[in-house]
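Below: the structure, in structure tokens.
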Amino acid sequence: MARLKLKEHVINRDWCKGCGICVHFCPKKVLELDSQEKVIAVRPEDCICCKLCELRCPDLAIEVVTIQTNQEAQTDQTTRMSEDD
Amino acid sequence: MAIKDYIRQRYFPQMWCPGCGHGIILNALLRAVDEMGLDKNNIVMTSGIGCSARISGYVDFHSLHTLHGRALAFATGVKLSKPELTLLVPMGDGDALAIGGNHFIHAARRNIDMTAIVMNNRIYGMTGGQYSPLSGYGKKATTAPYTTIDNDFDVVNLSIAAGASFVARSTAYHVLESIDILKKAIQHKGFSVVEILSQCPTYYGRKNKEGDAVSMMEFQKNTTAKLGSKALEKDPTLIPRGIFVDVDAPEYCQEYDKIVERAMKASQNNRVDQTLTTEAGHTCPTP
């Protein structure tokens, strides 16, 4: 099955207000706030590219840049985590 | 197109407080527009006054930042003069249902094709945390230090009763669901109401001891349930989420076009009648 692979987390430090929503709701605890209360990716190797941090960021400050591991076309939805309760 | 192509980057970072749910609604709305592949030159966003209304400044669509509560009235004007445009009308809870309550119910009654997004954070944030008609009974606010005694509106039931042909509810926490619902609401031909529960950690959260943005979002997750889910069946006190109404009903602009056609036909007939009478008058002079 085609999978998305992480390239990098692009974080706009000028826009991030350190609310911690992405840090708390990351299913793999990839993100943390640094000493300046800005988000950083401390465990990028654990990232599963669900992009929930990107979608829930009120400041549009984080972007999960991905690459496809094979040529099969794939939409974002297939790798998205379930947010159901 | 990337999300950044739909915003006016020069106004960022946006002015909302850290963790404000309105930013998440903006995020969801941009993604809905992006996934639908809409041309930003065909979208008009009108907004009123309040924290929520500032959203129209951040999007790179045609935008109108208008009078308090009157976003829907301006949107109606735009839509009637240019029905081919897509109208997005984000409003706060007070903007939509206190100051703009009358505009809201009548836009719903007319079933005019636009998407009203009620960004419900249950408080007037910008002016210092006064309680709103959606705060609910027994809540604290700057103007209700000993709790409110006002009951709140149920936006969903109100919209259904007023005649909206698409009514849905989601939360800032359920962002994927919000994107999905917003897409359907924009596609829907007629008046669509999407209530998105949002968090105001600065006023509502602080006054009501609901903690920071994260715990308010946990609260959204734990106190709501999808329509038709087992969780909702087991505990009916949970707030239902999902699409409540999605029906086809005569749309206002289309009906208006029909009236124009009818009036043109009638005036044409009148003209023909008049000419006939005048001609008759000429050909048959009275003796």
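The table below lists the values:
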read-out	value
Within the stretch B:83-120, tally of residues that are surrounded by fewer than 24 Cβ atoms within 10 Å (Cβ to Cβ) and of a type in the set (D, E, K, R)	4
Index of the failed condition, B:G211 passing every other in (1) over 23 Å from B:D180 (Cα atoms); (2) small (G, A, S); (3) more than 14 Å from chain A (Cβ to nearest Cβ)	(3)
Subset of the stretch B:1-14 that is part of a helix (DSSP H, G or I) and within 9 Å of another protein chain (Cβ to nearest Cβ) - its residue that is farthest from the chain's Cα centre (by Cα)	B:K4
Residue check, B:F74 touching a strand residue (DSSP E or B) at 6+ places or on another chain (Cβ under 7 Å), open to solvent by 60 Å² or more (accessible area, probe 1.4 Å), of a type outside the set (V, I, T) and in the same structural domain as B:R169 (by TED's automatic domain parsing)	yes
Filter result (out of contact with any Leu (no Cβ under 8 Å at 6 or more places or on another chain) and within 12 Å of chain A (Cβ to nearest Cβ)) within the stretch B:235-258	B:D235
Per-region count, the stretch B:166-180, residues open to solvent by less than 10 Å² (accessible area, probe 1.4 Å) and out of contact with any Phe, Trp or Tyr (no Cβ under 9 Å at 6 or more places or on another chain)	7
Residue check, B:D150 over 22 Å from B:Q187 (Cα atoms), open to solvent by 10 Å² or more (accessible area, probe 1.4 Å) and not polar (S, T, N, Q)	yes
The stretch A:40-85, residues that are more than 12 Å from chain B (Cβ to nearest Cβ), at pLDDT below 60 and open to solvent by 40 Å² or more (accessible area, probe 1.4 Å)	A:Q71, A:E72, A:A73, A:T78
Odd one out for B:A185, checked against (1) open to solvent by 30 Å² or more (accessible area, probe 1.4 Å); (2) closer than 26 Å to B:N102 by Cα; (3) in contact with a Phe, Trp or Tyr (Cβ under 7 Å, 6 or more places away or on another chain)	(1)
Pick from the stretch B:231-259, criterion among the aliphatic types (A, V, I, L, M) and more than 20 Å from B:A162 (Cα to Cα), ranking: surrounded by the fewest Cβ atoms within 10 Å (Cβ to Cβ)	B:I259
Condition check for B:F153: touching a residue at least 60 places away in the same chain (Cβ under 8 Å), among the aromatic types (F, W, Y) and more than 14 Å from chain A (Cβ to nearest Cβ)	no
Test for B:G228: is it loosely packed, with under 14 Cβ neighbours inside 10 Å and within 14 Å of chain A (Cβ to nearest Cβ)	yes
Residue in the stretch B:121-138 that is open to solvent by 40 Å² or more (accessible area, probe 1.4 Å), assigned by TED's automatic domain parsing to the domain that holds B:R109, more than 23 Å from the chain's Cα centre (by Cα) and more than 27 Å from B:I243 (Cα to Cα) present	no
Subset tally (residues that are within 12 Å of another protein chain (Cβ to nearest Cβ) and either free of Cβ contacts under 8 Å to residues at least 40 places away in the same chain or open to solvent by 10 Å² or more (accessible area, probe 1.4 Å) (or both)) for the stretch B:15-47	11
Boolean, B:Y11 is closer than 12 Å to A:L60 by Cα and of a type in the set (S, T, Y)	no
Which listed residue, of B:R110, B:R54, B:R10, B:R31, is among the basic types (K, R) and closer than 30 Å to B:D257 by Cα	B:R110
Every residue from the stretch B:204-227 that is touching a Pro at 6+ places or on another chain (Cβ under 9 Å), touching a residue at least 12 places away in the same chain (Cβ under 8 Å) and in a loop (DSSP other than H, G, I, E, B)	B:D212, B:L227
Residue check, B:A53 more than 18 Å from B:K183 (Cα to Cα), open to solvent by less than 10 Å² (accessible area, probe 1.4 Å), in the same structural domain as B:T115 (by TED's automatic domain parsing) and assigned to a helix (DSSP H, G or I)	yes
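The values are calculated or read from the model by the stated rules, or taken from the named source; none is laboratory data. For clarity, every value in this text was computed on a predicted model and none was experimentally measured. Note that we place each Cβ from the backbone using ideal geometry, even for glycine, and neighbour counts take in every protein chain shown. Side chains are part of the model used for accessible areas, which takes the heavy atoms of the whole protein and leaves out ligands, DNA and RNA. Shrake-Rupley method; radii C 1.70, N 1.55, O 1.52, S 1.80 Å.
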